[in-house]
1. Across peptide B:141-150, what mean number of C-beta atoms from other chains lies inside 10 Å of a residue's C-beta?
2. Under a point-charge model restricted to the Cβ atoms of Lys and Arg (+1) and Asp and Glu (-1), what is the dipole moment magnitude of region A:21-121 relative to its Cα centre, in debye to the nearest 20?
3. Along the charge dipole of chain A, pointing to its positive end and built from +1/-1 on Cβ of Lys, Arg, Asp and Glu, which listed residue (A:301, A:109, A:312) has its Cα farthest out?
4. For the protein assembly as shown, which semi-axes, largest first and in whole Å, follow from the square roots of 5 times the eigenvalues of its Cα gyration tensor?
5. For region B:119-215, compute Rh as the Kirkwood radius over C-alpha pairs and then the Stokes-Einstein diffusion coefficient at 10 °C and 1.306 mPa s; write the answer in µm²/s, rounded to an integer.
6. Under the rule of -39500 (n - 2.57) per DSSP H run of 4 or more residues, summed and divided by the residues of chain B, what mean residue ellipticity at 222 nm is obtained, to the nearest 500 deg cm²/dmol?
7. Please state the charge dipole magnitude for the protein assembly as shown, taken about the Cα centre, from unit charges on C-beta atoms (+1 on K and R, -1 on D and E), reported in debye and rounded to the nearest 20.
8. Any idea what diffusion coefficient region B:281-320 gets from Stokes-Einstein, in µm²/s, Kirkwood Rh on alpha carbon pairs, 25 °C, 0.890 mPa s?
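The values are calculated or read from the model by the stated rules, or taken from the named source; none is laboratory data. In this text the structure is predicted, and so the values were computed from the model without any measurement. Virtual Cβ from ideal backbone geometry, glycine too; neighbours counted across all protein chains shown. Quick note on the areas: whole protein, heavy atoms, side chains included, nothing else; ligands and nucleic acids left out. Shrake-Rupley method; radii C 1.70, N 1.55, O 1.52, S 1.80 Å.
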Protein chains: 2
Amino acid sequence: MLGGMSGKHRMRPRKIAGERDLIAAIRKRAGQHADHLSRGILNLGIGDDCAVLRPRRGRDIVITTDLSLENVHFRRDWHSPQSAGHRCLARGLSDLAAMGARPEAAFLSLALPAELTGKWLAGFLEGFFALAEEHAVALAGGDMARSPLVVADIVLLGSTPQGRALLRSGAHAGDVLYVTGALGGSAAELDALAHRSGVFRSPGRAGHPHLFPQPRLAPGRKLLRLATAAIDVSDGLSTDLSHLCEESGLAAEVYRQDLPIDARATLEQALHGGEDYELLFTSSPETPVPAHLAGVAVHAIGRMKKKSKRPQVEMVDGSTRAPLAARGWEHFR
Amino acid sequence: MLGGMSGKHRMRPRKIAGERDLIAAIRKRAGQHADHLSRGILNLGIGDDCAVLRPRRGRDIVITTDLSLENVHFRRDWHSPQSAGHRCLARGLSDLAAMGARPEAAFLSLALPAELTGKWLAGFLEGFFALAEEHAVALAGGDMARSPLVVADIVLLGSTPQGRALLRSGAHAGDVLYVTGALGGSAAELDALAHRSGVFRSPGRAGHPHLFPQPRLAPGRKLLRLATAAIDVSDGLSTDLSHLCEESGLAAEVYRQDLPIDARATLEQALHGGEDYELLFTSSPETPVPAHLAGVAVHAIGRMKKKSKRPQVEMVDGSTRAPLAARGWEHFR
């Protein structure tokens, strides 16, 4: 084509060099991987203009998309390609978890410099497919292009029982506020990466809340029977709680002493750090919520209240009470 | 957050400066726009962790994703923001057209430099929503981030009657090969843009096959009753026909004198130019195919054959016969 402009590029194989070879390799990898999967609704995956899903009766489809950009969402000098691939998929899976959804299919749009199509891309796909296999998600399609910086856009489709998806808007005044796992670990590990400190040195993926966050899919599905509203903690507790309040038309208070803070993190990181990918949810005070959901600890950290003239979210620490402003990350600010 | 790293960013409004304002504006625009739509399956749009679709009984869901990158898929000095927004959506809609699908919902992941969030973004959305309204597609969600170059990833969901989606793999030996509209216009207009020639000067969107391509959704849906296989001409006739052949396990021949070539285009542009977003389809020789589908001209241009030792695709010109190699655009080549 003229002027370096390109047409569209569906994932499909051809026996010529370049993009086709890459896509063929990804398609082969996705195929091997799909062999492990059993009861998906994916009817047709990579290789046509679109993928085809056959929805199950009585279930809704939920969809989310998340961008991962080099130097914005990850840095190649801090994040291994395995971490970049894992994190790209984890972002989308965490959104499904917050809806109480079962993952059904993933689509990956990936643009990268030509010099990264070898070892770096292999590492990215290794991290991506390791997490995909853990959660039985099939890669059903995507797009590929050349670009001066790595751009990965992940699309996740999941399903929930009809009309039962967990929304941000379902909380009631008086509901108890809970969070899974611990907060601040991701920001603390990112800080350690930036300062080349050795705090987070466990081998493997476990114990790396920033490099290999674990989306809370199994706890999320248990929340379908327990929670009135849910959101994942991606932008930071203060920011994500403000979203929950706004969509539910409520205010909230958080109890300082009840916050589960990662042992390596500061209070600041736990409140505003973001990217913990834990679930923040509300439940009626009459609902018994277990201390663990699918093996993940759950802590009551506050309660939902009617809106008033007071700040939308407050933190209560002993006898003091202070506004908790949304201070998580925001682009273009 | 630390180090310029960001968390996830769902489309949702907040009353603080920056990303939230942009998303609020897009949400408002999408909402106004959704008011025009009638029978969508979109249950919940922008504002939660995921969008929710309620599939109709007896229909499959089809999905496609397409990247649009600045300086790869468009250039800001050649393409107006309206054109960039139109083309971004048109790429995805054309994939739905090639499946015979009805559009149901769109998701837009958009990353751009801060200095483009004013007038340029407004123009992009103007082009995007003008085409979305024409085809009654709701914007159901997406993601937004800051980036040194414009990155737009479009996700389109559509629906087809169950098991009836038009595939690339359904052609039979002996089927007639057809194409909608005319070929080469997009490459010819791109060439005119590159050389600042005045060949494509019509006011408005009509008559601009490159800047404002028209996805063939209405003809595509009529093909559900006529075609055995279909693909959209995005990478160029030679390349897209080779895909159709491969997925159907066939060979093909194309008749030079029957090719509908845009009056401003060369044969080379018609064969290899790409981005025409016409539909290339096959139909049994017994099936009567009208000369127009939903107002778009249809031409028989060749036929499908069993694979042999001859080249996969040949062009027949009078008494001569020559291989037609796939020479459309490919990344990383």
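1. Taking the mean over all residues of the peptide, I get 6.
2. Working: 14 positive and 11 negative charges, 85 e Å.
Once rounded to the nearest 20, the dipole reads 400 debye.
3. Most positive-ward Cα: A:109.
4. Values: eigenvalues 414, 111, 111 Å².
For the protein assembly as shown, the ellipsoid semi-axes come out as 45, 24, 24 Å.
5. Translational diffusion coefficient: 91 µm²/s.
6. After summing the helix terms and dividing by the residues of chain B, the value is -8000 deg cm²/dmol.
7. So the dipole magnitude of the protein assembly as shown works out to roughly 1080 debye.
8. Details: Rh = 12.7 Å.
Approximately 193 µm²/s, per Stokes-Einstein.
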